[in-house]
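Enquirer: What follows is a single structure, and I will ask about it in a moment.
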Amino acid sequence: MNFTTHIAVGSAVGFATKNPYLGFAAGFISHQIIDAIPHIDPGSIGANFENIFQNKPALIWAVADITVGIFLFWFILNKVNFASFVFWGAIGGISTDVIDNSPFWSKKLCVIFPFNYIHFIHEKIHYTIENKKYFWVGILTQLILIFASLFVVFSY
Ligand SMILES: [Zn+2]
């Protein structure tokens, strides 16, 4: 899933736990769960951590997504008065991709314990839509997740 979606959902589950440690764990688990929901992300157009710099459209997608995600994170944190459980929920939410989808270190990390297990589960669980005809489904699922998450966080 996109970085932005993981930020939103991680924040919401962190918010639900009201505890930074549980929030991080819930955020981490939320990543695996929502990655199993059909979605599009730069992987939909063939990107992975090894070729992202050669795949211009995917690189633009990833940079735009991370930029939007950072703004959304800032917006949410302001909304919840920088509650630590929301912060750590979001960090838990993006941690799998930071570990496993980075062009800078994931290739080295994904063979070392325990990151090899994270890599294995992450690869297995992922449901990326690659058929352009169904990209709208992969957008819709994420819009629903983002708005539902914001709804939860805004109940603060
Ligand atoms: Zn992921």
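Enquirer: State the number of residues belonging to the range 82-131 that are away from the ligand (no atom under 16 Å from the Cβ), without any contact (Cβ under 8 Å) to a residue 24 or more places away in the chain and polar (S, T, N, Q).
Expert: Residues that pass the stated criteria total 1.
Enquirer: Could I ask something else about it? Do we find that I40 is aliphatic (A, V, I, L, M) and either out of contact with any strand residue (DSSP E or B) (no Cβ under 9 Å at 6 or more places or on another chain) or free of Cβ contacts under 8 Å to residues at least 60 places away in the same chain (or both) in this structure?
Expert: Working: aliphatic (A, V, I, L, M): yes; either out of contact with any strand residue (DSSP E or B) (no Cβ under 9 Å at 6 or more places or on another chain) or free of Cβ contacts under 8 Å to residues at least 60 places away in the same chain (or both): no.
Answer is no for this residue.
Enquirer: It is to be established whether one or more residues within the range 58-68 are more than 20 Å from A8 (Cα to Cα) and assigned to a loop (DSSP other than H, G, I, E, B).
Expert: No; the residues of the range 58-68 include none that is more than 20 Å from A8 (Cα to Cα) and assigned to a loop (DSSP other than H, G, I, E, B).
Enquirer: Then there is this: Return the residues of the range 23-60 that are within 16 Å of V153 (Cα to Cα) and of a type outside the set (G, A, S); say none if nothing qualifies.
Expert: Correct list: F24 only.
Enquirer: Within the range 1-34, take every residue that is within 12 Å of the ligand (Cβ to nearest atom) and outside any helix (DSSP H, G or I) and give me the one that is surrounded by the fewest Cβ atoms within 10 Å (Cβ to Cβ).
Expert: The residue in question is N2.
Enquirer: Related question: Search the range 35-62 for residues being of a type in the set (V, I, T) and surrounded by 12 or more Cβ atoms within 10 Å (Cβ to Cβ), and hand back the single one that is nearest to D100 (Cα to Cα).
Expert: Top of the filtered list is I52.
Enquirer: Scan the range 103-156 for residues that are farther than 10 Å from H39 by Cα, of a type outside the set (A, V, I, L, M) and surrounded by 15 or more Cβ atoms within 10 Å (Cβ to Cβ) and report the count.
Expert: 7
Enquirer: For the range 39-60, how many residues meet the condition of being within 16 Å of the ligand (Cβ to nearest atom) and either farther than 22 Å from I125 by Cα or in contact with a Gly (Cβ under 6 Å, 6 or more places away or on another chain) (or both)?
Expert: 2
Since every read-out is calculated from the coordinates, none of them should be taken as a lab result. These numbers were taken from a predicted model, which means no experiment stands behind them. Methodologically, a virtual Cβ is constructed for each residue, glycine included, from the backbone with ideal geometry; neighbour enumeration extends over all protein chains shown.
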